[in-house]
Amino acid sequence: MLFLVFEIDNERYCLEVSRIIEITPIVIFRELPHAPAYISGVFNYRGVVVPVVDLSMLIAGRPSRPLLIPVSYWLIMLGGTIYIIQ
């Protein structure tokens, strides 16, 4: 089994590679008013509206890259639902 390992707040996390659909450098997404702070917006992925989740905001309470565009986004499948992780 292979894992993608990443770090948030000096803590390591991993995601099973088989759940990753695609890694893309730039995603243009639309912000959602009144969405939770960890939802950066939504993205149209091949006709499917997909939420963009900021894991750093969800786990540590602060944006992953303040004022910068992240290097890459991961499209993942969890429980039959597609998410974009930044």
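Before moving on, here are some points about what is shown:
- When the range 19-42 is filtered for residues that are basic (Lys, Arg) and either surrounded by 15 or more Cβ atoms within 10 Å (Cβ to Cβ) or in contact (Cβ under 8 Å) with a residue 24 or more places away in the chain (or both), only Arg19 remains.
- Strands (runs of 3 or more DSSP E) fully within the range 1-48 counting 3 or more residues that are in contact with a Cys (Cβ under 9 Å, 6 or more places away or on another chain): 3-8
Only the coordinates and a few stated rules stand behind these numbers; no lab work does. Quick caveat, the model's predicted, so the values are computed rather than measured. Because the Cβ atoms are built from the backbone with ideal geometry, glycine has one as well, and the counts that use them run over all protein chains shown.
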